[in-house]
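To keep things clear, I will list the structure first and then write my remarks on it.
The values are calculated or read from the model by the stated rules, or taken from the named source; none is laboratory data. All values derive from a computational prediction rather than experimental measurement. Cβ sites come from the backbone with ideal geometry, for glycine too, and all protein chains shown count toward neighbours.
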Amino acid sequence: MAIPTGPMDLVYRVLDDQLVDVEGQRCGRADDIEFDGGLGERPLLHAILSGSGTWHRRLPRPLRSVGARVFGTGLVGADVIQVPWDEVDDIGSVIRLKARARDLGLGQGDRRRAETVARLPDS
């Protein structure tokens, strides 16, 4: 399989899909998408955004400030990971990436939680 080259409804085809790295590890979800291009220019798909910092944007406008305090502000590198579109290898039942999750900065929360669980007795 490969990335579709023709028109594609990104909202239905990409958003909320599972991200899987080159090693087959699940490493997040496509929470938002980012485009390049200025006003009046044709928009070009630039990146997939993953992380809780994107969630407040889905709330009704009056609740977004509260959502930003709960989920994060949406700063790339802080609570959002930006996966360049050219790192996407395939779009099927999941979004397969060309690189390892660690190299893209994905799955950091899972690694921190795994370290915490590993310290628990009988784990």
**Request:** Could you check how many residues of region 96-122 are hydrophobic (A, V, I, L, M, F, W, C), outside any loop (DSSP other than H, G, I, E, B) and modelled with pLDDT under 95?
**Result:** 5
**Request:** Considering each of L39, L19 in turn, give the residue that is under 15 Å from V88 (Cα atoms) and of a type outside the set (V, I, T).
**Result:** L19
**Message:** Within region 26-36, does at least one residue satisfy the condition of being assigned to a loop (DSSP other than H, G, I, E, B), in contact with a helix residue (DSSP H, G or I) (Cβ under 8 Å, 6 or more places away or on another chain) and within 13 Å of I95 (Cα to Cα)?
**Reply:** yes
**Residues within region 62-78 that are at pLDDT 80 or above and either of a type outside the set (S, T, N, Q) or touching a Ser or Thr at 6+ places or on another chain (Cβ under 8 Å) (or both), tallied** = 9
**Request:** Could you grab the pairs with beta carbons closer than 7 Å, sequence gap of 6+ or different chains, first residue in region 4-23 and without any contact (Cβ under 8 Å) to a residue 24 or more places away in the chain and acidic (D, E), second one assigned to a loop (DSSP other than H, G, I, E, B) and surrounded by 12 or more Cβ atoms within 10 Å (Cβ to Cβ)?
**Result:** D16/A30
**Message:** Anything in region 52-101 that is basic (K, R) and in contact with an Asp or Glu (Cβ under 8 Å, 6 or more places away or on another chain)? List them, or say none.
**Reply:** R57, R96, K98, R100
**Prompt:** What number goes with the only condition from (1) of a type in the set (D, E, K, R); (2) part of a helix (DSSP H, G or I); (3) closer than 16 Å to Q18 by Cα that D89 does not pass?
**Reply:** (2)
**Prompt:** What single numbered condition from (1) out of contact with any His (no Cβ under 8 Å at 6 or more places or on another chain); (2) of a type in the set (F, W, Y); (3) at pLDDT 90 or above fails to hold for F35?
**Reply:** (1)
**Request:** Inspect region 16-24 for any residue being loosely packed, with under 11 Cβ neighbours inside 10 Å, small (G, A, S), at pLDDT 85 or above and over 24 Å from G6 (Cα atoms) and give the result as yes or no.
**Result:** yes
**Asked** For the subset of region 33-79 comprising residues that are in contact (Cβ under 8 Å) with a residue 40 or more places away in the chain and buried (at least 19 other Cβ atoms within 10 Å of the Cβ), which member is farthest from A101 (Cα to Cα)?
**Response** I48
